[in-house]
Amino acid sequence: MKFSHTTVLQNEMVSHVLTNTNGTYVDCTLGGGGHSLALAEGLSNLGCIIGVDQDGEAIEAAKERLRGAQCKFISVRDNFSNINGILKENGIEKVDGFIFDLGVSSHQLDDGARGFSYMNNGKLDMRMDQRNSLTAYDVINTYTEEHLRNIIRDYGEERWASRIVDFIDRARMRRPISTTEELVHVIKAAIPSAARRDGPHPAKRTFQAIRIEVNNELGILRKAMEDCINHLNKGGRLGVITFHSLEDRIVKNHFRTSENPCTCPREFPVCVCGKKPKGKVITRKPILPTKSEMEENPRAKSAKLRVFERSE
């Protein structure tokens with residue numbers, strides 16, 4: 001299946017993050033290379049883009065897409081949680097910008113074989129990096145009821161988590177749940193028909209939760225925000241596009257803490273903790289897609305862009 005992905009908030013991301021036409025930038029979620037290509041168009045032949053993705057198909061698609069770029073392009077198959085190692089391996093200490101477009105690519109969603117989609121049948125997989133061992137099949141069929149309930153409730157913010165897990169447990173006791181179609185059938189049976197009439201697809205939140213667990217998305221995001229800010233040049237910027245409230249909360253809170261890290265009690269007249277701000281939040285409110293973009297690409301509806309600038 002040919003790799004395809006519709007880039008969200010492309011112009012908004014590049015216009016906020018590109019501050020040095022001769023600079024070095026890291027696209028931490030390369031995907032099909034949409035953001036990197038737009039970034040490359042604004043860079044001179046002295047500029048450099050490092051594209052990071054754990055999906056081999058994405059790497060190959062992006063390399064082809066950026067073949068004619070005048071700036072230098074380096075592709076790295078790795079997880080952005082290893083940004084320290086990636087930069088060290090390439091002899092780079094500081095960069096001028098980082099880009100994150102979180103979530104699942106259109107290609108991964110549309111390719112049923114990857115197991116991300118509740119609309120297309122396939123094996124329960126959901127690994128963004130297929131070199132990893134943990135799959136959605138393992139989560140659904142081997143996790144305890146309590147563990148699974150916590151994941152679906154906390155990561156999926158699913159009000160019917162307990163009932164869904166009860167139905168999953170009964171189903172997996174008969175035989176393992178092996179495909180996305182089988183899991184969707186169980187979820188639909190668990191959620192009362194009245195609750196299924198409104199809102200998103202009944203399996204959406206559960207699939208989101210399982211995907212986050214399989215790929216440790218929230219854990220690696222916290223670490224990556226800290227590492228990226230530490231590797232920014234003065235005036236360099238970090239731009240992050242999120243697609244659900246859990247990711248957005250992590251990014252928003254980390255940006256705020258980096259801008260105001262002081263932990264002194266409010267009644268103290270002066271700061272004594274010694275923690276210094278690392279920069280400032282550029283986007284007090286997140287940048288949202290335009291109405292026309294949302295009409296053209298419904299998956300953009302939940303996207304939010306936040307930007308942080310290093311000031312030291």
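The values are calculated or read from the model by the stated rules, or taken from the named source; none is laboratory data. If you're wondering where the values come from, they're calculated on a predicted model, not measured in any experiment. All Cβ positions, glycine included, derive from the backbone under ideal geometry; neighbour counts span all protein chains shown. Calculation scope for accessible area: heavy atoms of the full protein, side chains included, ligands and nucleic acids excluded. Shrake-Rupley method; radii C 1.70, N 1.55, O 1.52, S 1.80 Å.
Set the Förster radius R0 to 45 Å, insert the Cβ-Cβ distance between residue 45 and residue 253 as r into 1/(1 + (r/R0)^6), and round the FRET efficiency to 0.05.
0.70
Grab the Cα-Cα distance for residue 185 and residue 162, subtract it from 0.36 nm times how many residues apart they are, and report the gain in nm with one decimal.
6.7 nm
Round to a whole number: what % of the accessible area of the chain belongs to carbon and sulfur, probe 1.4 Å?
Of all accessible area on the chain, carbon and sulfur atoms account for 47 percent.
Suppose each label sits 7 Å from its Cα in the direction of the beta carbon; what would the residue 311-residue 15 distance come out to in nanometres?
2.4
Give me the compactness ratio for region 1-127, meaning the Cα radius of gyration over 2.2 N^0.38 Å.
In units of the globular-protein estimate, region 1-127 measures up at 1.07.
Over the chain, calculate the relative contact order: mean separation of alpha carbon pairs under 8 Å at least 6 apart, over the residue count, as a percent.
17
Would you mind calculating the gained length between residue 84 and residue 245 on full extension (0.36 nm times residue separation, minus the Cα-Cα distance), in nm to one decimal?
Result for the pair: 55.3 nm of gain on full extension.
Dividing the Cα radius of gyration by the Kirkwood radius, what Rg/Rh value follows for region 154-229?
Using Cα coordinates only, the ratio equals 1.08.
If R₀ is 30 angstrom, what is the calculated FRET efficiency for the pair residue 123 and residue 198, using the beta carbon separation as r and rounding to 0.05?
0.45
At R0 = 25 Å, how high is the FRET efficiency between residue 130 and residue 223 if r is their beta carbon distance? Nearest 0.05 is fine.
My answer for the efficiency is 0.70.
Sorted by average packing, counted as other Cβ atoms within 10 angstrom per residue and highest first, what order do 265-277, 22-34 take?
Ranking, from highest mean packing down: 22-34, 265-277.
Using only protein heavy atoms and a 1.4 Å probe, report how much of residue 254 is accessible, in Å² to the nearest 10.
Accessible surface of residue 254 is approximately 40 Å².
Given Cα pairs under 8 Å that are at least 6 residues apart, what percent is the relative contact order of region 153-218?
42
Multiply the residue gap between residue 170 and residue 150 by 0.36 nm, knock off their C-alpha separation, and tell me the result in nm, one decimal place.
My answer for the length gained is 5.4 nm.
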